[in-house]
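Okay, so here's the structure we're looking at.
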Amino acid sequence: MFYSHVIDQALEAHIGKTGLPQAVLDRDLARAAAALDKIRRWRDDGTLPVLRLPAARDDLAALKPHADRFARFEHVVVMGSGGSSLSGKALLPLRDHGFGPAKGRPKVWFMDNVDPESFGELTSRLPLDRTGFLPISKSGGTPETLTALFTVIAALESKVGKAALADRILAVTEPVDNPLRRLATRLGCTILDHDPKIGGRYSALSVVGMLPAMIAGIDAAAIREGAASVLDPVLAAKEANDLAPAVGAALAVGLARERGINITVLMPYVDRLETFAFWYRQIWAESLGKDGKGTTPIRALGTVDQHSQVQLYLGGPRDKLFTVLIQDTAGQGTRLDPAALGGDKALDYLANQTMGDLLLAEADATVATMAKNGRPVRVIRIKTLDEKVMGALMMHYMLETMFAGELWGVDAFDQPAVEEAKVLTRQYLSQRRRS
């Protein structure tokens, strides 16, 4: 295991009546055991190809020439919505902390909205002749992605000419006739197949996440190795009691049912996991928010949100489960010289400490304070953040979501409400065009 998972401070025995009774947790873990056979079946019969990806390597070898080709650009722009963007965006900080790409790699941008101001800046500021574009849409009909691509094509064609478009655009979509595939075919672009059985929010380990990651210089095989470290014990288990994803699901569902905890907050004390928290927010919300069930996922960031959210968390409604994700940063950073503190006694606590010491102390203090105030909190700890750890965390939350879907009795793989809004969007645009 590349992480530890402790839920003690979310249980009634530790924090009182706002915590989950052990008997309820045990009951739901017994119910979760029934999902183990389903997960094995989903993997074996191909119902969920995402469960086969941690062991796969051939597809990564096939992606390498495409990743190498796009790595030669100065910039690469990924255009997608939801999981088509969030998957790669969550992985990118493994190489780009926000201050620029790894040496010899392009700057990877994610354009996942259709704000015309943002796209105006994109097309006016980036050197389009040295930029590659990756439109990603599973269905091939995502209006945001198509509109973004048409906008880029117009600007790109005026800069490099129509004949050069094929070398600068690589599309990812299902292997069926659809608008994106037809457009890419007309332009002569390379098209990579998006597995139709892998939903966007579960696609981080597929071409959707792996291609941008490989372009950025991230070790995709190591990500999958980390994912396998979480999946393999689940596939081999007969009981769910010792499986962290099942325990996390039983905790969330039990607290929602027994204690009215309808909000779940993920609060990493790691800057590089800020976009991971957005990825988590989608997979949990879109998978489980059905039939009046589910809990609302909130992303926070330590220590930033100690100064903007923790007052509400501790003094507001008791309706939240907190997951604090902590990296062992002890001793990291420059050690503060006591002489540099100028003899100020108020700063004695900082003497000979590092920034990493401060970050770790604040994370632990937040957990202790939440528990002391009767707020259910679980802790996920990691020693470092690399590809294997990131793969493990992603697989943990994919499986936790699947277990929670089974416990709530909802389909964790569809999104009927989202589809309804998409239909209405097309109707509004059609009406506007006619008027």
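The values are calculated or read from the model by the stated rules, or taken from the named source; none is laboratory data. This one's a predicted model, so the numbers in the text were calculated from it and none came from an experiment. Here the Cβ is made from the backbone with ideal geometry for all residues, glycine too, and neighbour counts use every protein chain on show. Heads up: the accessible areas ignore ligands, DNA and RNA and are worked out on the full protein's heavy atoms, side chains in. Shrake-Rupley method; radii C 1.70, N 1.55, O 1.52, S 1.80 Å.
Below is a table of values for the structure above.
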| item | result |
| --- | --- |
| Computed lengthening from A346 to H307, 0.36 nm per intervening residue step minus Cα-Cα distance | 12.0 nm |
| Amide proton proximity set for F110, modelled H, under 5 Å, gap of 5+ | V78 |
| Cross-link table K17/K372; K290/K422; K89/K138; K89/K293, entries beyond 19 Å C-alpha to C-alpha | K89/K293 |
| Partner aspartates and glutamates for K64 [C-alpha distance under 19 Å; skip if fewer than 8 residues away on the same chain] | E74, D167, D193, D195, D219, E225, E387 |
| Positive-end residue of L20, T47, A34, charge dipole of the stretch 1-100 with Cβ unit charges | T47 |
| Other-chain or far-sequence residues with amide H under 5 Å of Q327's (modelled H) | Y269, I382 |
| Å² of accessible area per residue within the chain, as computed with a 1.4 Å probe and no ligands counted | 44 Å² |
| Coordinate range along principal axes, alpha carbons of the stretch 369-424, Å, largest first | 44, 35, 23 |
| On Cα atoms only, tilt of 244-259 relative to the major axis of the chain in degrees | 70 degrees |
| Relative contact order (percent, whole number), the chain, Cα cutoff 8 Å, 6+ residue spacing | 23 percent |
| Approximate spin-label separation A34-E117, in nm, with each point projected 7 Å along Cα-to-Cβ | 5.1 nm |
| The chain, accessible surface, carbon-and-sulfur percent (1.4 angstrom probe) | 52 percent |
| Cα-based radius of gyration of the stretch 172-310 once divided by 2.2 N^0.38 Å, which approximates compact folds | 1.31 |
| Residues with amide H under 5 Å from that of F133, placed H, sequence gap 5 or more | V77, I169, L170 |
| Fully extended contour minus Cα-Cα distance, from A163 to L429, at 0.36 nm per residue | 92.6 nm |
| Assigned charges on the beta-carbon of Lys, Arg, Asp, Glu; the chain dipole about Cα centre (debye) | 920 debye |
| Tilt relative to the chain, helix 355-372 - C-alpha long axis, 0 to 90 degrees, to 10 | 60 degrees |
| Two-site FRET efficiency, F150 against D45, from Cβ-Cβ distance with R₀ of 51 Å, rounded to 0.05 | 0.85 |
| Translational diffusion coefficient (Stokes-Einstein; Kirkwood radius from C-alpha pairs) of the stretch 157-214 at 37 °C, 0.692 mPa s, in µm²/s | 263 µm²/s |
| Isotropic mean projected area of the C-alpha convex hull, the stretch 234-285 (nm²) | 4.9 nm² |
